[in-house]
Amino acid sequence: MKQIRITDDLHALMAVLPPHIIGALEKANNSDNLLEIVLDLGRLPMARFVDGEVQLSDMEVTRVDIDHVDALTGEFDADNRAGIERTLHRISAIRNRHGLIVGLTCRVGRAVYGTIEIIQDLVESGKSILLLGKPGIGKTTMLRESARFLAETKRVIIVDTSNEIGGDGDVPHPAVGKARRMQVATPSLQHEVMIEAVENHNPEVVIIDEIGRELEAMAARTIAERGVQLVATAHGRTLENLLLNPTLSDLVGGIESVTLSDEEARRRGTQKTVLERRSPPTFDMLIELQERDRLAVHPDVAQAVDTLVRGYPLQPEIRWRDAQNEVHVEKAPAPPSTRGMAQGTRRTYSAGGDRTATDAPEPEGRYLHKATPPTIEYEQALDIAERKPIHKVRIYPYGVARNRLQQAAQRLGVPAFVAREISEADLVMTLRTYYRSRQQPITEAESRGLPIYVLRANTVAQMEQSLAEIFNLSQENSWNLNEVTNQTESAIQAVLNGQRWVDLPPASSAIRRIQHEMARQAQLVSHSYGKDPNRRVRIFRE
């Protein structure tokens, strides 16, 4: 157990307050739980503590009191926030329509060393993490601790929009450790500073507080595609809140409306129009701060969103800290096991584990079979560098375009061949419509014990996804890297020869990450445009 240590520099904040307010705060004798002091012109001054509000004086706040605080604090930026140099305190202003300050919120900034212990394993994983929670619950404190912890072993850049993470002034607060801090001149330009941080300073981790605009969400996706770990906060309390926010829903993959056929709607027992996840999420993990010492962890955002839009209850991992600062972890319930299922029960294999057909919707583009799937024996292991040959697989395409299947196999560089008869095939690939109608080739394949792969659509992309699963390829290996490298090198050469820009073909996030890295090594600029599955990389000069 690590001891929690708190540094608040409260004396620096007290020094800028009017004398009668200072006396009232000292009399309250509860500085450890003080959150903020509220001074509104013509109203009584209030102090907000963790457990409630306290009136500080019977005297109304005057113009002299407001001007006193204004004169002793730093300059107010475009977001009407100021600070006290070398501290983490924040003073926010409310102005009238003539620009005069008529209200102040003086927030106490604390560096709490040791809070990272509750999520230390998640931060160390190298995955991108998004923190959600209501104002004042400790998101920025945890973000600051994450920056300090990661900076011990990695190159960390903080994009500090309002100087809340690193404090006011040119020298960052010691609480951020070795992390470097980039300030933002105007909050509306935060997305540009985020991109600048990656392009100019070669970070391994980027720390961002309060992603709140669409351009910032797009910049975060671009950074994640370049292989940089993101640790950030966003507006919202739960994953459901974020999905309903049209500006920020892309951070977790977004949702879109899909129209089902009459047959599918009846089978699911739903309306014809349902919601599905639109694209891969920018962040791998999401943490909901429920209370100061209690949080819910969604370790796989993509799976959590899929579960949510299908109407199943979310079961996050719960972590909390007790009064003795001991951390407790309540693991999420494991998915239902399929061991011991009777022969003849249909199994569906997906990223989230096995589920029976009676308690889950039918998968798309995944393996369906009535028994344990057979293992394909490999002559040699697939080596992405040497592209060693592996055992060929004969596929009987029923209702699937043969030329597209051959194209998908060529793009992946796998030995998949089209079988003319089902008796010659190692497996069957078909569409949902044919599988549901139980046509004769499908029943024959099942009687022969052949694996059946069901596609959502008759497209090359769907076929590539199934072939990658058949040949046990990871997402990074599921493209012909030689082709990707050649395309990217040609684009780089064209830009170096004077072309303004070159757009590469749409690709997965893993491939886009490789393309960004190649452009960076050639000292060129690259950005991603569009939305999945048509998102692509553009390479150009700065």
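Readers should treat all values here as calculations from the given coordinates under stated rules, not as data from a laboratory. Note that this is a predicted model, so its numbers are computed, not measured. Positions of Cβ are generated from backbone atoms using ideal geometry, with glycine treated the same way; all protein chains shown enter the neighbour counts.
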Residue by residue through the stretch 449-454, what is 3J(HN,Hα) from phi via Karplus (6.51 cos²θ - 1.76 cosθ + 1.60, θ = phi - 60°)? Round to whole Hz and write x for glycine and proline. x, 7, x, 10, 9, 9
Rounded to 0.05, the calculated FRET efficiency for the beta carbons of His20 and Asp503 at R₀ = 56 Å is 0.30
What FRET efficiency would be calculated for the residue pair Glu85, Thr459, taking the C-beta separation as r and a Förster radius of 45 Å, to the nearest 0.05? 0.20
Assuming 1.002 mPa s and 20 °C, estimate D for the stretch 113-330 with Stokes-Einstein, Rh taken as the Kirkwood radius over Cα pairs, in µm²/s. 119
What does the charge count near Phe49 come to, summing +1 for each Lys or Arg and -1 for each Asp or Glu among other residues with Cβ under 10 Å from its Cβ? -3
How large is ³J(HN,Hα), in whole Hz, for each residue of the stretch 85-98 in order, when computed from phi with the Karplus curve 6.51 cos²θ - 1.76 cosθ + 1.60 and θ = phi - 60°, using x for Gly and Pro? 4, 6, 10, 9, 6, 10, 10, 10, 10, 10, 10, 7, 5, 9
Extension gain from Leu100 to Arg63, taking 0.36 nm per residue of separation minus the Cα-Cα distance: 12.3 nm
Cα→Cβ-extended label distance, 7 Å offset, between Ala494 and Arg402, nm: 3.4
Neighbour cut-off at most 12 other Cβ (10 Å), DSSP loop, GluC sites (Glu not before Pro), the stretch 80-160: Glu152
Amide H neighbours of Arg155 under 5 Å, counting only residues 5+ apart in sequence or on other chains, H built in-plane at 1.01 Å? Glu204, Val205
Extension gain from Glu517 to Asp32, taking 0.36 nm per residue of separation minus the Cα-Cα distance: 169.9 nm
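Above 17 Å lies some portion of the pair distances; for the stretch 481-540, what is it as a whole percent of all C-alpha pairs? List each step's numbers first, then the result.
Values: 473 of 1770 pairs.
Result for the distance tail: 27 percent.
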Which listed pairs, of Lys139/Lys272; Lys134/Lys178; Lys272/Lys531, have C-alpha distances above 30 Å, in listed order: Lys139/Lys272
Approximate spin-label separation Arg438-Gln324, in nm, with each point projected 7 Å along Cα-to-Cβ: 6.0
The stretch 268-306: trypsin sites (Lys or Arg not before Pro) in DSSP loop, at most 14 other beta carbons within 10 Å: Lys272
Express in nm, to one decimal, how much length is gained between Asp70 and Glu196 on full extension, taking 0.36 nm for each residue of separation and deducting their alpha carbon distance. 42.1 nm
Along the stretch 277-283, what does the Karplus equation 6.51 cos²θ - 1.76 cosθ + 1.60 (θ = phi - 60°) give for ³J(HN,Hα), rounded to whole Hz, x for Gly and Pro? 5, 7, 7, x, x, 5, 9
For the stretch 10-122, place one equal point scatterer on every Cα, skip the solvent, and apply the Debye formula. What is log10 of I(q)/I(0) at q = 0.10, 0.17 Å⁻¹? -0.31, -0.82
Quick one: if the Förster radius is 35 Å, what FRET efficiency do Asp40 and Thr247 give, using the C-beta to C-beta distance and rounding to 0.05? 0.70
Going by how many other Cβ atoms sit within 10 Å of their own, how do Thr307, Thr443 line up, fewest first? Thr443, Thr307
Report, by chain and number, residues whose modeled amide H sits under 5 Å from the one on Glu210, excluding near sequence neighbours (fewer than 5 apart, same chain). Thr233, Ala234
